[in-house]
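Below is one structure, written out as structure tokens; the observations come after it.
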Amino acid sequence: MAILPFTQPRYLLPLFLGFFQGALLLFFALFVTFDEPSAQAEDANLVAYQIYSTFPFFQDIQVMLVVGLGLLLTFLPRYGLSALTHNFLLLNFSMQWALVLQGLIHHFHHGQVHLDLHKLLISEFAAVTVLISVGAILGRSSPCQLLAVATCEVPAYLASEWVIVNCLGVLDVGGTITIHVFSCYFGLGVSKALFWAGQKPLHPKETPTPRSDLMSLVGMLILWVFWPSFVAVLCQPGDSQHRAILNTLLAMSAGAITTVVASSLLERDGKLSPSHLQNGSLAGGVAIGAVANMAMPPVAALALGSLSAVTCVLGFRFLTPLLGRKLALQDQCGIHNLHGLPGILGAAASAVAILVAPKDTSRSYVSQLSPSGGNASEVVGEQQGDGGVSRQALCQAAGLAVAIGASLVAGLLTGATLRLPCLARPPERLCFDDSLYFKFQDQDESLGAGSTTEEGALALKEHV
Amino acid sequence: MAILPFTQPRYLLPLFLGFFQGALLLFFALFVTFDEPSAQAEDANLVAYQIYSTFPFFQDIQVMLVVGLGLLLTFLPRYGLSALTHNFLLLNFSMQWALVLQGLIHHFHHGQVHLDLHKLLISEFAAVTVLISVGAILGRSSPCQLLAVATCEVPAYLASEWVIVNCLGVLDVGGTITIHVFSCYFGLGVSKALFWAGQKPLHPKETPTPRSDLMSLVGMLILWVFWPSFVAVLCQPGDSQHRAILNTLLAMSAGAITTVVASSLLERDGKLSPSHLQNGSLAGGVAIGAVANMAMPPVAALALGSLSAVTCVLGFRFLTPLLGRKLALQDQCGIHNLHGLPGILGAAASAVAILVAPKDTSRSYVSQLSPSGGNASEVVGEQQGDGGVSRQALCQAAGLAVAIGASLVAGLLTGATLRLPCLARPPERLCFDDSLYFKFQDQDESLGAGSTTEEGALALKEHV
Amino acid sequence: MAILPFTQPRYLLPLFLGFFQGALLLFFALFVTFDEPSAQAEDANLVAYQIYSTFPFFQDIQVMLVVGLGLLLTFLPRYGLSALTHNFLLLNFSMQWALVLQGLIHHFHHGQVHLDLHKLLISEFAAVTVLISVGAILGRSSPCQLLAVATCEVPAYLASEWVIVNCLGVLDVGGTITIHVFSCYFGLGVSKALFWAGQKPLHPKETPTPRSDLMSLVGMLILWVFWPSFVAVLCQPGDSQHRAILNTLLAMSAGAITTVVASSLLERDGKLSPSHLQNGSLAGGVAIGAVANMAMPPVAALALGSLSAVTCVLGFRFLTPLLGRKLALQDQCGIHNLHGLPGILGAAASAVAILVAPKDTSRSYVSQLSPSGGNASEVVGEQQGDGGVSRQALCQAAGLAVAIGASLVAGLLTGATLRLPCLARPPERLCFDDSLYFKFQDQDESLGAGSTTEEGALALKEHV
């Protein structure tokens, strides 16, 4: 398969990444160190306990992001290698970039940065927003463009997260507002500004095959299994974490079944749509994040999970085509249905949960369950009285508004910079194709064009 | 590919599932709550400890059931999406259904149901029986039929498990008798009653391809790795759990090698059969469940693992064809070889292990290692004296008999109800095909019948 | 596809494995037992704590070896089943063989062998060396030959590891020298002695397809995620383990990005090579093992990870073809680039880290962080003074030399025995093909040659 030379900016990607790695080394050499070894045996036991209580959650989240999300994106039949690799590259780049930015801020206030697992986890959360956002432009964007998105989105996320959690005191232990809603509208903004001209016609390589749908479904199942770890990792150990795990399990389970109901009712002949399953089953996990550790009855988690799944499937069926027609909005993975709508639902649920919570417990859980466990929210907790509860509910709404507004503006600006020609946006006819980014051996070796020849095709057919 | 309209009962699946979700919400709203938050710091530490000691095992088991078992079932080359999705749907449905049933029983005795991770785990075990049973009718059954199986099997399992563990005091920490033997004969009963007429001829889509065998093998490997968590999760922390983990590891390892020996000796040219590998390697884990935490030397675990693997492979080679010819018994996944025969072997091994255990330790392990940790088995422990040991061995045999008898009767009755026309049994020529249950984009979109056209086939060939 | 009868040694594999399982049973029956149950409640708590602190790491490593490494080897498009199965078989065989050998040694010194999770872990590490080494001859070797490699390599590894760690007191917590360097040069020695005659021409089935590259990439990602568990499992709990985890995460992350930089600069058109990604991203983890828990700043881990990735990619681009041309050296998986070069780099880094470490901490970490935690290294720790540090650095270099020398000699001898005709080396034209080792149903059943017929091919095409 002959690919026309598309190589002008071939040095941009390695040069940019290489320069970044150099800067990272310099930054680490100057400012970052490990904790001092514990002097006392008790301290050593404490460190060991922290590892055993955090590291399994951390590993679960790594599996989700690297393997689960990567596989979920392989629904494009000829773009699997690119989807997996770009996801992996972006995760690492964004995590390092978030480490640097957080380290710089910390350095100007407190001096030397002490690296630990918790700081890596926070940086990983920043990287998640990038991985979600680029779903909107999957397949039609070059690696350079994706890195540009990461470069712009991580600082925007950190600023918005600081405002939402520390200034407004929003309760959002699972990142429903700060991560999912933010990254969704950031991604939609990027997509809108990048593909301003209008809706693309369906690309012939855009259609999933049963086999690529199967791989993507495996990715969804991996995400589904480990989602409770994502929601609960930042909870306070003990009751709060236990409740967050149970609520997430209930919401995910209800969402899985409701997705089948909704998809089956909406599709012709009562069949299921693979993309509904791949996304709807996870919608419950997105929505539950904001309320997972609050004092609410288990039935609320079930109801929220079901409602999110229905919303997600309805979004795929009606809203995405509508946005495509009316706003010429490209949303390749349907991030608005998986992260936007359930995120808004979750934010609304958190406000309701705060308002209707029994009086005597509201105070304790508000102060106890703040995601940062820090001073800002304890102040909020202190102010809880008669009006404190409704004020906290207002804060949740304000946090949602901030997340949507900030992300849309930042996303539109980022998308505009992606139109720079040096970022090597792939031409339409080469989109959704691994061969633009990967060198396959049979293109070069003496095998004679490999699997495209008659003989190669026959050989492969024998062994399907 | 034109599929004739097969749509009369298209509303039955979503209506049934939707109604069930509604009933579940109602039940949870009325009867289910979380534990009160711990008042004391010590209690909070205890909850945290329970999470760290149970949650990793729980996640391992979820990976096994959702990803491992799902992939194991994708050996049918055109039925992968259906196998994964039906497995996922059944797991969630059966778990919720078991939660409701257990909750109702608990409610009538003790009032409000307090949900925790342990209750979810017990419900997950009930769901496992359904996932195993439907392996016998994989590919020839509609989702409605599968849900009917789940609806009938979960209460039958709960009743049989109550009789076996609480009334008879059977020791079966890994569910060899209560889960594997029960679900195997339940599934065979269903299959017999459903396909009464006679043996089906080999369906052209029934033959695995190397690629579908590869996916299935990956599923087996995932199950193999996490099997120790399944066996050990309900053991008492400490020595008992340690021994259960070690015994399972030994049995699985011996079983893996013996499978290669047996398959290689039985197949022509000394080649291996993928289906032997996919099943035989796990047989050791099935058998070890009943004895994993008993006081027996490590060599017993190795021997049991080897013996189970040989039995499983022999079953595939000789017994399955025989049962097909003589009893017209369909067993698509060979559950009789993976769960039935090794389960019986494990039950026999548990009786032998109890009889030959050193006198001074038998008492302690019998009382210590009961799966429920509850009062029924402690009573058994109290009665241990000279005759107690042989009585306990008899109980193991009685438990096995109850499991086989109850499951066969319940399975046959369930299978008979599956013949109801409204459950939409798929016609033979549409069996083993995802397109009966999934809407693929290329069937509807303007691409012109997608991959079936000349152009589509060529395009795909280039990119195999 | 007609396969000529290649069956003379068809009984060798099952007979050898069967005999080995019998010997294993005998050995376990005579010499191996479990620990006595803890008499005290405190001891039981200790056992429980040990499980919760070790078992999750152990499971992570099992996932790496069984699923991750297995999938990584499926880059050969028609050899996936064999790659997965042989890897699985070799892991189990080598682990049992290492258990026997270690048990025998222990038995002659201390009597009865008490089996625990730690002993299984040590045996698993011995098995890792075999799994790495056989990568050099993947696809061109029969299962009998692979088992012969395992039979020879495990004792060689145990001896070399004893010399390196216990006699020389080398610090190597992640097995950089003892596992990676040793297994790499062992494998190269085997390959050289086995394929003495000269370089093979490119085999038509040797070229990866995009789909097989995708599976292999998933395997790499699984290895990447769990690598910190592999490096940190033998560290002392507390600070040392925490530092090992963090250093590994940093090295892996830097390595992932640098791989993209290097591959993109070296390949034509700035494209990426799948094999670079599959290997380079892991090179950082290989190199960091020797220094993961040492007192060095975080920047060193980043730099080492980057440097290893660059070295690995350069090796693939220049050294492997050179070695092929000059030394006629076959290295199918490129183990020299992934394990050899980064391993040497890691060993050098450990010597440097010891030399430049701050005086006051060097003593403590040397004695504290020895992998065996045993007496040999504590003696080393005692001798630390002015000259102790440079002496320890020399020991690291001596350990590297021992690992390379011993493995090359042992590997060449092993490779020579692999030329025995009874070991059934596959003829060149049947290499890289699953059908030599697996019986597929369509070869035997009445379906009429299955997927190779016109009809089968058409049917499959429809469902790609």
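The values are calculated or read from the model by the stated rules, or taken from the named source; none is laboratory data. Computed from a predicted structure; not experimentally measured. FYI the Cβ positions are ideal-geometry reconstructions off the backbone, even for glycines, and counts take in every protein chain you see. When the accessible area is computed, the model is the full protein with side chains, heavy atoms only, and any ligands, DNA or RNA have been set aside. Shrake-Rupley method; radii C 1.70, N 1.55, O 1.52, S 1.80 Å.
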For all pairs of alpha-carbon atoms in chain A, what percent lies in each bin of width 10 Å, listed from the first bin to the last filled one? 4, 19, 30, 25, 14, 5, 1, 0
In Å, the C-alpha Rg and Dmax of the stretch C:201-257 are 16.4, 52
Which value results when the Cα radius of gyration for the protein assembly as shown is divided by 2.2 N^0.38 Å? 0.87
Would you mind listing the distances between the A:Asp269 label point and the same position in each other copy? Use 7 Å along Cα-to-C-beta, nm, one decimal, shortest first. 3.9, 3.9
Calculate the radius of gyration of the Cα atoms of the stretch A:26-117 to one decimal place, then report Dmax, the largest Cα-Cα distance, as a whole number, both in Å. 17.7, 56
What is the pair-distance distribution P(r) of the stretch B:65-135, computed from all Cα-Cα distances in 5 Å bins starting at 0, with each bin given as a whole percent? 3, 17, 23, 19, 13, 10, 7, 4, 2, 1
Provide an ascending nm list, one decimal, of label-point separations from B:Leu394 to the equivalent residue in each further copy; define each label point as 7 Å from Cα along Cα→Cβ. 7.6, 7.6
In the neighborhood of C:Ser94, defined by Cβ-to-Cβ distances under 13 Å, what is the net charge if each Lys or Arg adds +1 and each Asp or Glu adds -1? -2
Kirkwood hydrodynamic radius of the stretch C:125-251, from inverse mean 1/r over distinct Cα pairs, in Å: 16.8
Could you give the length gained on full extension between A:Ser390 and A:Ala23, defined as 0.36 nm per residue of separation minus the Cα-Cα distance, in nm? 127.5 nm
Accessible-area loss of at least 30 Å² in the complex relative to the chain alone (1.4 Å probe) applies, within the stretch B:191-211, to B:Leu202, B:Thr207, B:Pro208, B:Thr209, B:Pro210, B:Arg211
What's the angle, to the nearest 10 degrees (0 to 90), between helix C:182-194's Cα axis and the longest principal axis of chain C? 30
Can you check what the Kirkwood hydrodynamic radius comes to for the stretch C:114-153, Cα pairs only, in Å to one decimal? 11.1
Find the centroid of the Cα atoms in the stretch B:36-88 and in the stretch B:230-306, then give the distance between the two in whole Å. 22
Taking the Cα atoms only, what angle lies between the long axis of helix A:386-417 and the longest principal axis of chain A, rounded to 10 degrees? 20
Express the accessible area of chain C per residue in Å², computed with a 1.4 Å probe while the remaining protein chains stay in the model. 33
Dmax and Rg, reported as Rg then Dmax, of the stretch C:194-350 (C-alpha, Å): 16.4, 52
Under the 7 Å Cα-to-Cβ spin-label approximation, A:His109 and C:Glu42 lie apart by a distance in nanometres of 4.4
Too-long pairs where the Cα-Cα distance tops 24 Å, listed order kept, from C:Lys200/C:Lys326; A:Lys205/A:Lys439; C:Lys192/C:Lys326; C:Lys200/C:Lys271: C:Lys200/C:Lys271
Kindly provide the helix-only [θ] at 222 nm of chain C, computed as the sum of -39,500 (n - 2.57) over DSSP H runs of four or more divided by all residues, to the nearest 500 deg cm²/dmol? -21000 deg cm²/dmol
Log entry, pair A-B: total buried accessible area, probe 1.4 Å, protein chains only, in Å² rounded to 100, is 6200
Closest Cβ on chain A to the rotation axis that carries it onto B (distance rounded to whole Å): A:Pro56, 3
If you put +1 on each Lys and Arg Cβ and -1 on each Asp and Glu Cβ, how big is the dipole of chain B around its Cα centre, in Debye rounded to 20? 1460
How much net charge surrounds B:Asp269 when only the other residues with a Cβ under 10 Å from the Cβ of B:Asp269 are counted, with Lys and Arg +1 and Asp and Glu -1? +3
Label position 7 Å from Cα toward Cβ: report the copy-to-copy distances for C:Ile105 in nm, one decimal, ordered from shortest. 5.2, 5.2
